[in-house]
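Here the structure comes first, spelled out in structure tokens, and everything after it is commentary.
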Amino acid sequence: MIPRVLTVAGSDSGGGAGVQADLKTMLALGVHGMSVITAVTAQNSVGVQGAWELPAEAVRAQYRSVVDDIGVRAVKTGMLSSAELVETVAELISGTDAPAVVDPVGVSKHGDPLLAASALESVRTLLLPAATVATPNLDEVTQLTGVRVDAEGDLRRAAGAVLEFGPRWVLIKGGHLSGDAVDLLTDGTEEHWLRAPRLDNRHTHGTGCTLASAVAAGLGKGLTVPDAVREAKTYVTGAIAAGFALGAGIGPVDHGWRFRAGE
């Protein structure tokens, strides 16, 4: 049976991030993607023009409908805009016998807030402890822990601060630093440093969603966390390299780059 992987996230009307990016990534990596919509956004290449959160009961109903009938091999969470949604989803994934990849989405690529300040404590105390892997970027690390990362040497301290909230593994994404794109994956004992050349392409919308859903796809296929993250890093690096212009602003990464490369 094709591994089944579930994304719990917001909808991106522009198709570059959110649930749309997650499902494209899952298809590209050979798993069956399923979705729970947490919010609807009006967004395009220049920003987010509006966002409408779904009721917690609608999120719960979607989740139970999928998990109770079809089942899941892995779950990925993205945009959870309020404390109520964070608490609901944390409860759901804690009760599901499958690895969970938590992308603690705080702001969009364009700087638009996607998580209420009042929800931060619920992310720290409920959602992160339920995570098999948490995948914060540097801004989200600061938002959650107060730790600022200005150089590669700060990544280990940032990872330790996130691990204190209880995820089994944390992947600190160092893409906003200068130099190579360096990420640190650790469980507090093992360390895996993942490096890729920095690519001269501004069209990177959806990078974080894509990476987290690629990790979930790997876990759904039965890979270990380090192997799933390495596979995801390779896929995302290729997607960034092939990112393309769309609209007047920042275009998306190319989720189908391998199909076009003939691989």
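The values are calculated or read from the model by the stated rules, or taken from the named source; none is laboratory data. All values reported here derive from a predicted model rather than from experimental measurement. For neighbour counting, all protein chains shown are included, and Cβ atoms are generated from backbone atoms with ideal geometry for every residue, glycine included.
In summary, Leu211 fulfils each of the numbered conditions (1) more than 18 Å from Val5 (Cβ to Cβ); (2) surrounded by 15 or more Cβ atoms within 10 Å (Cβ to Cβ) with the single exception of condition (1). Residues that are touching a His at 6+ places or on another chain (Cβ under 9 Å), free of Cβ contacts under 8 Å to residues at least 60 places away in the same chain and either assigned to a loop (DSSP other than H, G, I, E, B) or within 25 Å of Ala217 (Cβ to Cβ) (or both) are absent from region 118-125. Looking across region 1-18, the residues that are of a type in the set (A, V, I, L, M, F, W, C), crowded, with 22+ Cβ neighbours inside 10 Å and within 22 Å of Asp97 (Cα to Cα) come down to Val5, Leu6, Val8, Ala9. Scanning region 147-176 for residues that are of a type outside the set (A, V, I, L, M, F, W, C) and either buried (at least 18 other Cβ atoms within 10 Å of the Cβ) or closer than 30 Å to Asp200 by Cα (or both) turns up Arg148, Asp150, Glu152, Gly153, Asp154, Arg156, Arg157, Pro167, Lys173, Gly174, Gly175, His176.
Would you check if there is a residue in region 186-194 being among the hydroxyl-bearing types (Ser, Thr, Tyr), modelled with pLDDT of 95 or more and either more than 23 Å from Gly10 (Cα to Cα) or surrounded by fewer than 15 Cβ atoms within 10 Å (Cβ to Cβ) (or both)? Checking region 186-194: at least one residue is among the hydroxyl-bearing types (Ser, Thr, Tyr), modelled with pLDDT of 95 or more and either more than 23 Å from Gly10 (Cα to Cα) or surrounded by fewer than 15 Cβ atoms within 10 Å (Cβ to Cβ) (or both). Just to be sure before I move on: is Ala158 touching a strand residue (DSSP E or B) at 6+ places or on another chain (Cβ under 9 Å) and either under 18 Å from Thr125 (Cα atoms) or small (Gly, Ala, Ser) (or both) in the structure I sent? Considered against the rule, which asks whether it is touching a strand residue (DSSP E or B) at 6+ places or on another chain (Cβ under 9 Å) and either under 18 Å from Thr125 (Cα atoms) or small (Gly, Ala, Ser) (or both), Ala158 comes out as yes. If only residues of region 126-143 that are assigned to a loop (DSSP other than H, G, I, E, B) and without any contact (Cβ under 8 Å) to a residue 60 or more places away in the chain are counted, the one that is nearest to the chain's Cα centre (by Cα) is Pro136. Could you grab me the full set of residues in region 173-213 that are closer than 14 Å to Leu155 by Cα and β-branched (Val, Ile, Thr)? Within region 173-213, Val182, Thr186 meet the criteria. Of all the numbered requirements in (1) at pLDDT 95 or above; (2) among the hydroxyl-bearing types (Ser, Thr, Tyr); (3) surrounded by fewer than 20 Cβ atoms within 10 Å (Cβ to Cβ), Thr132 misses one, and that requirement is (3).
Within region 21-30, does at least one residue satisfy the condition of being part of a helix (DSSP H, G or I), of a type in the set (Ser, Thr, Tyr) and under 16 Å from the mean Cα position of the chain (by Cα)?
Yes, region 21-30 has at least one match.
Just to verify a result, which residue in region 1-15, among those that are over 13 Å from the mean Cα position of the chain (by Cα) and not β-branched (Val, Ile, Thr), is modelled with the lowest pLDDT? Among those that are over 13 Å from the mean Cα position of the chain (by Cα) and not β-branched (Val, Ile, Thr), it is Met1.
Restricting attention to region 214-236 and to residues that are crowded, with 20+ Cβ neighbours inside 10 Å and β-branched (Val, Ile, Thr), the residue that is farthest from Thr189 (Cα to Cα) turns out to be Val236. Filtered by the rule that a residue be among the hydrophobic types (A, V, I, L, M, F, W, C), surrounded by fewer than 24 Cβ atoms within 10 Å (Cβ to Cβ) and either free of Cβ contacts under 8 Å to residues at least 24 places away in the same chain or farther than 14 Å from Ala119 by Cα (or both), region 57-101 gives Ala58, Val59, Ala61, Val66, Val67, Ile70, Val72, Leu92, Ala98.
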